[in-house]
Amino acid sequence: MTNVAKFDLDDNDVVVIIGSGAGGGTVANELAQKGVKSVVLEAGKRFTLEDFKNSEWEMFMKLSWLDKRISAGGWHHAKNHSGLPAWIVKGVGGSSIHWAGVSLRFKPHEFKMKSTNGVIPGANVADWPISYDDIAPYYEKAEDKMGVTGTKATGTPDLPENSHTKLHRIAAERTGMTFINAPMAINSVARDGRPACQQIGFCMQGCRIGAKWSTMYTEIPKAEATGLCEIRPNSMVLKIEHDADGRASGVHYVDENGNKKLQKARIVCVAGNSIESPRLLLNSASKKFPDGLANSSGQVGRNYMGHVTGGVYGVFPKPVNMHRGTAVPSLITSEQRNDPDRGFVAGYSLEVLSLGLGFLSAFLKPGTSGWGREISEALENYKNMAGVWICGEDLPVESNRITLHPTEKDQHGLPVPVVTKTDHNNDLIMRNHAYAQMAKLYKSVGATKLHNLPAYPSSHNMGTNRMSEKASDGVVNKWGQSHDVPNLFISDGSQFVTSAAVNPTLTIVALAIRQAEHIAKLVKTNVL
Amino acid sequence: MNNKNSSISRRKFLGSVGCGVAGTVVATTMIGCATASEDKTSVISMPESGHISQTLLVMAKDIYPHEMLENKYYQKIVDDLANQEKTLIGEGIAMLDQLSVEKLGQPFVKVGYEPDRIRILRSIEDGPFFGKVRGALMFGIYDNKDLFHLFGYQGSSWEKGGYIDRGLNELDWLND
Ligand SMILES: Cc1cc2nc3c(=O)[nH]c(=O)nc-3n(C[C@H](O)[C@H](O)[C@H](O)COP(=O)(O)OP(=O)(O)OC[C@H]3O[C@@H](n4cnc5c(N)ncnc54)[C@H](O)[C@@H]3O)c2cc1C
Ligand code: SF4
């Protein structure tokens, strides 16, 4: 490796990137490849592949962001996951360490949900300021970078079929539903210096062999190898500072030894995922920006979206062994379309998802009543079970939002984030539709019992610093650049305007590649 | 102690102390538990340990009943917990018995009819005592690699090379 970069705290020529996950890690590497210097401040530590054990709860405890957070509002999390609204990693690589790897593009209409469906009462739906055609070339780059199976960009084959997939494929055939092998950011053949997947099955605990794409062992080391990117783990950013002109000038953080530091910056990219990113902007309020940095629109923290989710697990007469092989091997896509005739707008995917015994025992019926014969009998049938995770478009609602708790503080003395969410009626109708479709699907292959699970702690988090054409409607422009603070960028899923019927990460990465290209141009031409 | 007082202190007790296995954030964040409060005053006298142990065993088998699981597995999980959390568990058992005597005229272990016991347990499921016992059982049974095989779960697989050559697609009871 070339010399690892080390930048001075007073070096005000660096781009400071906050967070090293799917968004932040990608921006860092893309900038480095284009010759732009950066410092990545990451709250979590560095892990190695040897840290990844095939054990659900052990890894949950090791990887998760467990700083204090509060769930509020009408969703069941307020009661059943009161301190864990979302399931996010704290570590170099962020949630790309535990993501499953499903990598689907948004559909063209999903960038234009307002023009498609008109105004929806109780929701704050808007069109994206970019179209599918704008992002398409970057989807291709993202697929190539991440090694997505079955795409034109990589030319790699699908992952092999496992029993869990076979059951769903046959069920889909019997019910006339559309089935696909999941396009995965998991190597089906050795590629990019990483091995092919061995079907270990613990993708959401960190891939032990690195077959699954994660910025932890792809973008980050590649960025470091250029000698232009310095990663500082165990560095929690507290506040973004600005100068008299209202431009971001540096960030305050606590370093690995607990000392407070100020890193000067030419440009700041915020990529802390959709709870921490708006929280940081709100915590960066100043005399000039009393409602929080970049918040003249009042939209920072608002329009928090998860996805309309839930799970359905069926018990079958004979073994399935869902735990053998990739966590998400396939999908049912028939309901992804926007078809208001079903009683709701937007669509959803049904993603085949295996859970281990430990997670299933907690998620089968979350809350204090999840015990008794119904639970133990289901778990006794573990090997005869199969399941899906519902991933449906969640509507942006202004009152679903991240706010700062008035009195509670975290270990750094910062106000704790409160995550308030209540399902829109559209969400409820969609979820019930999905439960009904799943019942049809599973009965066709002989299910003897069905368990409908409510949403898990939110794994997809989006929308809290959204893009908009006009400065009054959102936080950032079509490049993810703040309308108010020109050298401040949002580089994660919080820039999403709407959430689509598919997982977010491919789109986060595509936007990050596109944003980095734009930033590099602005740096080279001295505009920023 | 008169009845009115006892039911007030019971309510306070069952809804007061935080729950979760010692040091296990997971239990509180994932199962959802009563939140902590300062008020831990108790007027209960401690039951003797043999009785605690027997009562916990009955309770454990009502919470996650498995014919295939020998008593010794349940017993170890709850006894370990009782050793770690002497006061919470001791007081919890005393309360459970009191409730059981009030409702059914006998201590919990003597209640022979399962639905009666379940009804009593349901009435305290939101409280910290029940939450702790349940949390310990959930992790002790379902996150216990020594018991995985009873459920047909195979646990850690990377050291065996995953499933790529080990029964990845064995399902043979459905045909295209
Ligand atoms: C179990 C699970 C499975 C998933 N599977 C899929 C899937 O199959 N497909 C898909 O598309 N998506 C999936 N996701 C979602 C995916 O993980 C996220 O969409 C993605 O990682 C988000 O990227 P990000 O850059 O916004 O944030 P993250 O990847 O979460 O990175 C944020 C980083 O910022 C750091 N940070 C936060 N605040 C600060 C601060 N103040 N200072 C310093 N650092 C900070 C955090 O520690 C973290 O490392 C899954 C998620 C979960 C939980
Ligand atoms: S199934 Fe494949 S991607 Fe998932 S953990 Fe195993 S090797 Fe990694």
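Listed here are the residues, each with its yes/no results for (1) within 14 Å of another protein chain (Cβ to nearest Cβ); (2) within 30 Å of A:His433 (Cα to Cα); (3) modelled with pLDDT under 95; (4) within 15 Å of ligand 1 (Cβ to nearest atom).
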| residue | (1), (2), (3), (4) |
| --- | --- |
| A:Met236 | no, no, no, yes |
| A:Ile240 | no, no, no, yes |
| A:Val254 | no, no, no, yes |
| A:Arg266 | no, no, no, no |
| A:Gly292 | no, no, no, yes |
| A:Gly301 | no, yes, no, yes |
| A:Ala327 | yes, yes, no, yes |
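Yes/no per residue for (1) hydrophobic (A, V, I, L, M, F, W, C); (2) within 16 Å of ligand 2 (Cβ to nearest atom); (3) not in a loop (DSSP other than H, G, I, E, B):
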| residue | (1), (2), (3) |
| --- | --- |
| A:Arg431 | no, no, yes |
| A:Tyr435 | no, no, yes |
| A:Leu441 | yes, no, yes |
| A:Leu450 | yes, no, yes |
| A:Glu469 | no, no, no |
| A:Ser472 | no, no, no |
| A:Pro486 | no, no, no |
| A:Ser494 | no, no, yes |
| A:Asn503 | no, yes, no |
| note | Conditions (1) under 25 Å from A:Asp427 (Cβ atoms); (2) touching a helix residue (DSSP H, G or I) at 6+ places or on another chain (Cβ under 8 Å); (3) within 14 Å of ligand 1 (Cβ to nearest atom) -> A:Gly306 fails only (2)
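With a cut-off of at least 1 residues that are under 22 Å from the mean Cα position of the chain (by Cα) and under 23 Å from A:Lys141 (Cβ atoms), name the strands (runs of 3 or more DSSP E) lying wholly within segment A:170-278.
On the way: elements: A:179-181, A:229-232, A:236-242, A:248-254, A:260-264, A:267-270.
Strands (runs of 3 or more DSSP E) meeting the threshold: A:179-181, A:229-232, A:267-270.
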| note | Just one listed residue, out of A:Ile170, A:Ile180, is away from ligand 2 (no atom under 14 Å from the Cβ), within 11 Å of chain B (Cβ to nearest Cβ) and touching a residue at least 60 places away in the same chain (Cβ under 8 Å), and it is A:Ile170
| query | Of the residues that sit in segment A:60-97 and are away from every other protein chain (no Cβ under 11 Å) and farther than 24 Å from A:Asn400 by Cβ, which one is farthest from ligand 2 (Cβ to nearest atom)? | reply | A:Val92
| message | Being touching a helix residue (DSSP H, G or I) at 6+ places or on another chain (Cβ under 9 Å) and among the hydroxyl-bearing types (Ser, Thr, Tyr) is the filter here; which residues of segment A:115-160 pass it? | response | A:Ser115, A:Thr116, A:Ser131, A:Tyr132, A:Tyr138, A:Tyr139, A:Thr151, A:Thr154
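Return the residue satisfying two criteria in turn: it lies in segment A:242-263 and is touching a residue at least 60 places away in the same chain (Cβ under 8 Å) and more than 21 Å from A:Gly480 (Cα to Cα), and of such residues it is surrounded by the most Cβ atoms within 10 Å (Cβ to Cβ). Step through it out loud before you land on a result.
The initial filter retains those residues of segment A:242-263 that are touching a residue at least 60 places away in the same chain (Cβ under 8 Å), namely A:242, A:246-251, A:253-254, A:261-263.
Still in the list and also more than 21 Å from A:Gly480 (Cα to Cα): A:253-254, A:261-263.
Working: A:Tyr253: 23, A:Val254: 19, A:Lys261: 16, A:Leu262: 15, A:Gln263: 25.
So, considering only residues that are touching a residue at least 60 places away in the same chain (Cβ under 8 Å) and more than 21 Å from A:Gly480 (Cα to Cα), the one surrounded by the most Cβ atoms within 10 Å (Cβ to Cβ) is A:Gln263.
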| request: With the condition kept exactly as written, say whether any residue in segment A:443-465 is over 30 Å from A:Lys34 (Cα atoms) and free of Cβ contacts under 8 Å to residues at least 40 places away in the same chain. | output: yes
| request: Please work out which residue is nearest to A:Met113 (Cα to Cα), limiting yourself to segment A:411-429 and to residues that are more than 23 Å from the chain's Cα centre (by Cα) and assigned to a loop (DSSP other than H, G, I, E, B). | output: A:Leu414
| said: Taking the criterion of being more than 13 Å from ligand 2 (Cβ to nearest atom), within 24 Å of B:Leu174 (Cβ to Cβ) and either modelled with pLDDT of 95 or more or crowded, with 20+ Cβ neighbours inside 10 Å (or both), would at least one residue in segment A:187-207 satisfy it? | reply: no
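The values are calculated or read from the model by the stated rules, or taken from the named source; none is laboratory data. Predicted model only: the values in this text are computed from it and were never measured. Virtual Cβ from ideal backbone geometry, glycine too; neighbours counted across all protein chains shown.
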